[in-house]
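Worksheet: one structure, shown below.
The values are calculated or read from the model by the stated rules, or taken from the named source; none is laboratory data. Everything quoted here is computed from the prediction, not taken from an experiment. For neighbour counting, all protein chains shown are included, and Cβ atoms are generated from backbone atoms with ideal geometry for every residue, glycine included.
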Amino acid sequence: MKDAIHTAHRNVFSALCAAQSEMGTVVKGAVNPAFKSKYANLADVMSVVVPALTAHGIAVYHTMIRDDHGTAMRTVLHHGESETHIDCDVPLIVAKNDMQGMKSATTYAKRIGVESLTGIAPEDDDGNAAAKSAPVLDEMAAFNADVAQALRDIGREKTLDGLIAYFTDLYRSKRAVADDGRVVKAKDDRKKALSPAGKDDLDGDAIPY
């Protein structure tokens with residue numbers, strides 16, 4: 001690998017091109033106890049890409065962002081010498097609404113971001129492993145479908161009492177959906193739209209929301 005001190009590039013793209021030529025093969029080092037199979041985790045991917053990126057003056061880092069579509073993990077490749085960068089945002093799909101679920105989602109999103117930006121392609125698990133992951137994907141799809149339905153239902157509410165009643169029921173029956181950032185924002189926006197002028201925050205709500 002070339003000495004980073006003697007490597008000069010005009011921008012992040014030329015630096016990345018050089019770094020890609022030095023990236024080796026990602027070795028599957030993690031074991032999935034449920035499926036008894038090996039896979040390449042974030043550490044495996046980073047162990048291959050970081051030395052090559054560093055040698056060509058590229059820093060890689062991650063940060064969480066929020067926008068109108070929800071929360072995402074942003075992966076950034078920044079070339080310090082030219083002050084140019086590229087980034088990739090991966091939506092955070094949290095299957096389980098706790099810190100363990102968040103950690104799993106952020107770790108996976110970081111891996112996707114790094115692989116997407118560097119072009120590195122770890123050998124994927126075979127078709128059987130893909131089939132085994134289907135239940136998890138189905139669960140995520142079902143959760144997103146519930147969120148989409150909640151967004152539609154919230155938009156249809158015509159009164160504050162109706163909104164309170166709907167969200168109270170949603171909170172009790174599907175708390176993970178009610179706590180989703182997209183749903184919370186839609187509820188807050190609808191509440192503001194339905195509130196009397198100058199009374200965005202009403203006392204006496206059925207639940208703290």
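Screening Ala52, Ala18, Ala59 for residues that are modelled with pLDDT of 95 or more, of a type outside the set (Val, Ile, Thr) and under 14 Å from His79 (Cα atoms) leaves exactly one candidate, Ala59. Within segment 74-98, the set of residues being of a type in the set (A, V, I, L, M) and not in a strand (DSSP E or B) comprises Leu92, Ile93, Val94, Ala95.
Pairing residues of segment 97-118 that are surrounded by 20 or more Cβ atoms within 10 Å (Cβ to Cβ) with residues that are charged (D, E, K, R), at Cβ distances under 8 Å and at least 6 apart in sequence or on separate chains, gives Gly113/Arg74; Gly113/Asp89; Leu117/Asp87.
Yes/no per residue for (1) over 22 Å from His69 (Cα atoms); (2) modelled with pLDDT of 90 or more; (3) not polar (S, T, N, Q):
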{"site": "Leu151", "(1), (2), (3)": "no, yes, yes"}
{"site": "Leu160", "(1), (2), (3)": "yes, yes, yes"}
{"site": "Leu163", "(1), (2), (3)": "no, yes, yes"}
{"site": "Arg172", "(1), (2), (3)": "yes, no, yes"}
{"site": "Arg175", "(1), (2), (3)": "no, no, yes"}
{"site": "Ser195", "(1), (2), (3)": "yes, no, no"}
{"site": "Asp200", "(1), (2), (3)": "yes, no, yes"}
